[in-house]
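One structure below.
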Amino acid sequence: MRSTTLYFRSLAVLAAFLLWGICLMNGTVKALLLAVWQGKLNESVHLKTNYTGIPLIDYPIAVLVAFFFYGTNGHDEGYTLFLVDAYSTLQSAFVWLFVETIRPGKKPKWIARPVIFGILWQCFGAAISLPLYYACHLLWVTETEVYRVRNLNRARAIPFSFLIGAILPAVIGMAPTWNGPDSRSVVAHQVILAIWQPDPIWVAWIQMGLQNMTRWLRGQTGPDVRKPTHNSFLWIRGSYLLAAVSSAVGHLYSVGRMLKSSDPSTNFVRMYVPFPFTGPAGVSDILIRGPWLFLQYDLIIIGLSSMSWAFILLTRTPAGQRASKPMLVLLMLAGATVSLALYAREKELDVGSQITDTK
């Protein structure tokens, strides 16, 4: 177990260098900070820096808006399609993490509060945040028995909080991908991006609100013993399937458009393969090639760490030992593959009928 923990922590350290070390060296961090300070991305594109009137909130949001602006405004087809693929993988992680937090029994605070890792990946990169989460999670599942989700209200809220809090904002934020780069103004796009940035918080609030609302509507003061447990199982597996489908659709859409594109710069190597320090070919603006390079490294480590985590979890279930062997060849479909692996794992978990739903 110690070697597994070291592996994931090493991935996080490697990610910190590849994401932030290189961004510091190639001038991306400096360019982002200057863009916010000067209130412009370039001489012709203004950057909105006031959203709430609270500098401590507005400044990091403006930095994130500057970071994601060129990847989401549809002006570079390859960059935009790459981000659609990246988001389709990352957004599935909301299901993975929030299911673990509603499992019965006592959990470490880091597992019980997945929104912390969500905020960390939004601010610093999921390639750093997720391996740290996976290391904590595997320590937990090694030290205690993990059971199926029993609370029907919490289980039912998972797919809706995922759709409303994670998928819908991504679809709206990436709308210029299919509506065209001129479908919204620069200011409108920046406001949408700003609202989108705290989506880990939106998911957590929606999850909490929905589970409280369904408990109130049903007049339940606590879970039943038999039928709700089985229904919870179906809702959780349905959530994993939903995450798998959304991830696969995003990936296939991106690859399909890449293969059909008449633009020679929209190709696999330019979109996905990170060129150290310089970023994608043919891009002169550091606010485009810098964040793009950051996200290329980000996606690779997200896929590798997530597949490793799911592989380890599957090998710890009797039925999963054989099924887990071909998983690593599906790295390009990491989001869907991990979701399906967790779908299979769920069936192998014990119901744990005497376990209470405590955090």
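The values are calculated or read from the model by the stated rules, or taken from the named source; none is laboratory data. Being a predicted model, the structure only gives us computed values, none of them experimental. Here Cβ is always computed from backbone atoms with ideal geometry, including for glycine, and neighbour counts include all displayed protein chains.
Counting just the residues of region 101-111 that are at pLDDT below 90 and assigned to a helix (DSSP H, G or I), which one comes out nearest to ILE301 (Cα to Cα)?
Top of the filtered list is TRP110.
Let's see how each residue does on (1) in a helix (DSSP H, G or I); (2) within 16 Å of the chain's Cα centre (by Cα); (3) at pLDDT below 75:
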residue: TYR297; (1), (2), (3): yes, yes, no
residue: ILE302; (1), (2), (3): yes, yes, no
residue: MET307; (1), (2), (3): yes, yes, no
residue: LEU328; (1), (2), (3): yes, no, yes
residue: MET332; (1), (2), (3): yes, yes, yes
residue: VAL338; (1), (2), (3): yes, yes, no
residue: ALA344; (1), (2), (3): yes, no, no
residue: GLY352; (1), (2), (3): no, no, yes
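In region 130-157, which residues are surrounded by 23 or more Cβ atoms within 10 Å (Cβ to Cβ) and under 15 Å from the mean Cα position of the chain (by Cα)?
Of everything in region 130-157, those that are surrounded by 23 or more Cβ atoms within 10 Å (Cβ to Cβ) and under 15 Å from the mean Cα position of the chain (by Cα) turn out to be LEU130, PRO131, TYR133, TYR134.
How about region 75-95: which of its residues are more than 16 Å from ALA170 (Cβ to Cβ) and part of a helix (DSSP H, G or I)?
Of all residues in region 75-95, those more than 16 Å from ALA170 (Cβ to Cβ) come to 75-78.
The answer is GLU77, GLY78.
Residue by residue, here is whether (1) more than 29 Å from ARG148 (Cα to Cα); (2) among the β-branched types (Val, Ile, Thr); (3) not in a helix (DSSP H, G or I) holds:
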{"position": "PHE233", "(1), (2), (3)": "no, no, no"}
{"position": "GLY256", "(1), (2), (3)": "yes, no, no"}
{"position": "SER262", "(1), (2), (3)": "yes, no, yes"}
{"position": "PRO276", "(1), (2), (3)": "yes, no, yes"}
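Given (1) surrounded by fewer than 24 Cβ atoms within 10 Å (Cβ to Cβ); (2) of a type in the set (Phe, Trp, Tyr); (3) under 24 Å from ARG2 (Cα atoms), where does PHE124 come up short, assuming only one miss?
Checking PHE124 against (1) surrounded by fewer than 24 Cβ atoms within 10 Å (Cβ to Cβ); (2) of a type in the set (Phe, Trp, Tyr); (3) under 24 Å from ARG2 (Cα atoms), the one that fails is (3).
If I filter region 120-136 for residues that are outside any helix (DSSP H, G or I) and of a type in the set (S, T, N, Q), do I get at least one hit? Let's see the steps before the verdict.
Step one: list which residues in region 120-136 are outside any helix (DSSP H, G or I), which gives 125.
Subsequent filtering for residues that are of a type in the set (S, T, N, Q) retains none.
Looking for residues that are outside any helix (DSSP H, G or I) and of a type in the set (S, T, N, Q), one finds none in region 120-136, hence no.
Scan region 151-176 and report the pairs whose first residue is closer than 15 Å to ALA204 by Cβ and whose second residue is charged (D, E, K, R), with Cβ atoms within less than 7 Å and a gap of 6+ or a chain change.
Taking only residues 6 or more apart or on different chains, the pairs are GLY165/ASP199; ALA166/ASP199; PRO169/ASP199.
Considering region 11-44 alone, what residues qualify as being of a type outside the set (A, V, I, L, M, F, W, C) and in contact (Cβ under 8 Å) with a residue 12 or more places away in the chain? Outline the logic, then answer.
Pass one, region 11-44, residues of a type outside the set (A, V, I, L, M, F, W, C): 21, 26-28, 30, 38-40, 42-44.
Across region 11-44, the qualifying residues are ASN26, GLY27, THR28, ASN42.
For region 161-186, name all the residues that are in contact with a Gly (Cβ under 7 Å, 6 or more places away or on another chain) and either of a type in the set (S, T, N, Q) or surrounded by fewer than 16 Cβ atoms within 10 Å (Cβ to Cβ) (or both). Break it down stepwise before answering.
So the first thing to find is which residues in region 161-186 are in contact with a Gly (Cβ under 7 Å, 6 or more places away or on another chain), and the list is 176-177, 180-181.
Of everything in region 161-186, those that are in contact with a Gly (Cβ under 7 Å, 6 or more places away or on another chain) and either of a type in the set (S, T, N, Q) or surrounded by fewer than 16 Cβ atoms within 10 Å (Cβ to Cβ) (or both) turn out to be THR177, GLY180, PRO181.
Going by what's in this entry, would GLU100 be described as of a type in the set (Asp, Glu), at negative phi and without any contact (Cβ under 8 Å) to a residue 60 or more places away in the chain?
Values: of a type in the set (Asp, Glu): yes; at negative phi: yes; without any contact (Cβ under 8 Å) to a residue 60 or more places away in the chain: yes.
Yes: the conditions hold for GLU100.
Test GLY53 against the stated conditions and say whether it is part of a loop (DSSP other than H, G, I, E, B), out of contact with any strand residue (DSSP E or B) (no Cβ under 6 Å at 6 or more places or on another chain) and of a type outside the set (Asp, Glu). Let's see the steps before the verdict.
Details: part of a loop (DSSP other than H, G, I, E, B): yes; out of contact with any strand residue (DSSP E or B) (no Cβ under 6 Å at 6 or more places or on another chain): yes; of a type outside the set (Asp, Glu): yes.
Here the answer is yes, as GLY53 does meet what is asked.
Can you work out which of the residues in region 248-264 that are of a type in the set (Gly, Ala, Ser) and closer than 14 Å to ALA336 by Cα is surrounded by the fewest Cβ atoms within 10 Å (Cβ to Cβ)?
The extreme case among them is ALA248.
Being in contact with a Ser or Thr (Cβ under 8 Å, 6 or more places away or on another chain) and either at pLDDT 75 or above or of a type in the set (Asp, Glu) (or both) is the filter here, so list the residues in region 309-326 that pass it. Don't jump to the end; show me each part of the working.
The initial filter retains those residues of region 309-326 that are in contact with a Ser or Thr (Cβ under 8 Å, 6 or more places away or on another chain), namely 310-312, 314-315, 321, 324.
Across region 309-326, the qualifying residues are ALA310, PHE311, ILE312, LEU314, THR315.
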